[in-house]
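A quick write-up on the structure given underneath.
The values are calculated or read from the model by the stated rules, or taken from the named source; none is laboratory data. All of these numbers come straight from a predicted model, not from anything done at the bench. Heads up, the Cβs are rebuilt from the backbone with ideal geometry, glycines too, and the neighbour counts pull from every protein chain shown. Surface areas here come from the heavy atoms of the whole protein model, side chains and all, with no ligands, DNA or RNA. Shrake-Rupley method; radii C 1.70, N 1.55, O 1.52, S 1.80 Å.
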Amino acid sequence: MARHNERSELLAPSDADPRGGARRALSKSFGRVVGRRTRILISGLVVALLVAGCFISFLHYQRGAAMATAPTSRLVMPDEVCPHFNVLKLFTLLLFLYLALLWREIEWLTYCFSCVRWSQFDAIVVGGGPAGAVMAKLLSDDPWRRVLLIEAGNTSQTQLGGKVGRGAIPSALNVNKLTPFDVPFYWTNVANTLSVHWAYPDVNIAKALGGCGIHNAMLYDRWGMNRWTWAKAREIYLGIEDYDGPNSSYHNTQGFVRTSPPSMIDDVSKAFVNACEQVGIPRTVDFNAPGGRYGAGFYDFNTRNGVRESAAKSFLGPILDDNAATSNRENFRLLLDTTVTKITINDANVTKGVEVRYGNGTGQIIRLAEHGKVILTAGAINTPKVLMLSGIGHRDMLQKVRLPVKKHLPRVGMNLQDHPVLGVTFQCVSPFNVDLE
Ligand SMILES: Cc1cc2nc3c(=O)[nH]c(=O)nc-3n(C[C@H](O)[C@H](O)[C@H](O)COP(=O)(O)OP(=O)(O)OC[C@H]3O[C@@H](n4cnc5c(N)ncnc54)[C@H](O)[C@@H]3O)c2cc1C
């Protein structure tokens, strides 16, 4: 499943499967005679006919046996009881023969089945950031739902924060085997590394599996309570959190999203927070406790032992291999280095699938199954962009750039908000020794 740049690869079983080549060769030789779906249909019909034949003959035999009630001095043979007995034998024999034949071709049948099965999806998730990672994992929890996650960037488990030690920076001080993506190690470098970013001016938007979760600061604080009540938000946070800080009724230790107090606090930071207290700014012990939002203190992080615990790691990590390329879930596919250029919507305004562009420049339409859904989790800027490219947005704006109007939704792409961050620099009045290592 690594990277799929050709249609045939997308539909084929995993390249990592050593039997894949043999299956494909077998399938090819059958393919010369009749089409794939026709073969499956014929096999199904033959088995159904043989089973029906056996069943009907058996019913006849039963009826004949029931009628042969006259006392008899000799053993009545089954074919005397029912003239169809020989037909029953014939059908049973044929059925076994055919099943034996099928058994030899079972590999080929599995392959054909997976081709049909993977030619369309029940859910296509666009964008593998924190939102997409959660959606893809939860949707694919149902083994009958075929889920495809499409991400424009690439990735590694190191970026996700997974598999501690892989890609770690070699250093005697790096006891936790931190990587450049970990907090607070070198992550500020990553936040400015162009190769993992969209080429948009003035904004840092990650283009990689994990989205901005691969380069953000991992600050763990509970924002945005406009519509949610504090009690509701707290209930949800407690449900998912595994906190390794001091015991508190505002944290839980049983969840799967691992959070921690900072693993390292340098002397300057301690001195700064003490100084804040001295000038009357309240000391905050927990920014996630009610009333704790305003004050000076130390944030908790989505980390464990300094290692990044991104949403992609928590949700996708367990279902992906070490390279974050193949999945252990049969019903889940991941396409990396693949950009969704448009959602395909038919004249009746029904979503039929997505148009993608692969890293090698080729394109393809990926189809949705009947009643399937496209879930757009491409981030604050790319989500409205994909919507508008698909004809959903303000009519005037779409017409201005000659895009077809599928749905006039005036607020798409409007009201973008960001949170300002202000860095303030202070000068120490007395000399202060800092161990930068
Ligand atoms: C520098 C920085 C620091 C931050 N610090 C913190 C912090 O400390 N704590 C905190 O909680 N939050 C922080 N955030 C915010 C947090 O990272 C975001 O809220 C979060 O990543 C949003 O998740 P998302 O899935 O909605 O979008 P994104 O993370 O933007 O993910 C969208 C994904 O979709 C992919 N994509 C986009 N378009 C397409 C397309 N057409 N086809 C296929 N794939 C596509 C992108 O490549 C990307 O991987 C920070 C953000 C930044 C930028």
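Any chance segment 272-293 includes a residue that's polar (S, T, N, Q), over 21 Å from G423 (Cβ atoms) and outside the structural domain of A136 (by TED's automatic domain parsing)? The answer is yes, given that some residue of segment 272-293 is polar (S, T, N, Q), over 21 Å from G423 (Cβ atoms) and outside the structural domain of A136 (by TED's automatic domain parsing).
Could you check how many residues of segment 227-250 are within 16 Å of the ligand (Cβ to nearest atom) and not small (G, A, S)?
From segment 227-250, those within 16 Å of the ligand (Cβ to nearest atom) are 228, 233, 236-237, 240-241, 243; that's our starting set.
Still in the running and not small (G, A, S): 228, 236-237, 240-241, 243.
The number of residues fulfilling the criteria is 6.
Conditions tested, residue by residue: (1) assigned by TED's automatic domain parsing to the domain that holds R258; (2) more than 9 Å from the ligand (Cβ to nearest atom); (3) within 22 Å of the chain's Cα centre (by Cα).
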residue	(1), (2), (3)
G162	no, yes, yes
F181	no, yes, yes
V190	no, yes, no
L194	no, yes, no
K207	no, no, yes
G211	no, no, yes
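Of the residues making up segment 355-414, not one is touching a His at 6+ places or on another chain (Cβ under 9 Å), within 16 Å of the ligand (Cβ to nearest atom) and open to solvent by 60 Å² or more (accessible area, probe 1.4 Å). The number of residues in segment 126-158 that are more than 10 Å from the ligand (Cβ to nearest atom) and in a loop (DSSP other than H, G, I, E, B) comes to 8. Whether a residue is closer than 30 Å to P290 by Cβ, near the ligand (Cβ under 9 Å from one of its atoms) and open to solvent by 50 Å² or more (accessible area, probe 1.4 Å) was assessed, and N216 passes this test. Restricting the first member to segment 378-402 and to residues that are of a type in the set (K, R), and the second to residues that are more than 7 Å from the ligand (Cβ to nearest atom) and open to solvent by less than 80 Å² (accessible area, probe 1.4 Å), the beta-carbon pairs closer than 6 Å and six or more apart or on different chains are R395/V405; R395/H408. From the list L88, L50, L41, pick out the single residue that is over 30 Å from the mean Cα position of the chain (by Cα), open to solvent by less than 30 Å² (accessible area, probe 1.4 Å) and at pLDDT below 75. Step by step, each of L88, L50, L41 is checked, and only L88 is over 30 Å from the mean Cα position of the chain (by Cα), open to solvent by less than 30 Å² (accessible area, probe 1.4 Å) and at pLDDT below 75.
Listed residues D242, D286; which is assigned to a strand (DSSP E or B) and on the phi < 0 side of the Ramachandran plot? After applying the criteria, what remains is D242. The set of residues in segment 281-306 that are open to solvent by 60 Å² or more (accessible area, probe 1.4 Å) and away from the ligand (no atom under 16 Å from the Cβ) comprises I281, P282, R283, V285, P290, G291, Y294, N305.
Condition check ((1) in contact with a strand residue (DSSP E or B) (Cβ under 6 Å, 6 or more places away or on another chain); (2) within 16 Å of the ligand (Cβ to nearest atom); (3) open to solvent by 20 Å² or more (accessible area, probe 1.4 Å)) across all residues:
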| position | (1), (2), (3) |
| --- | --- |
| D267 | no, no, yes |
| K313 | no, yes, yes |
| G317 | no, yes, no |
| L320 | yes, yes, no |
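Candidates are the residues of segment 328-354 that are open to solvent by 50 Å² or more (accessible area, probe 1.4 Å) and part of a strand (DSSP E or B); the one that is nearest to the ligand (Cβ to nearest atom) is K342.
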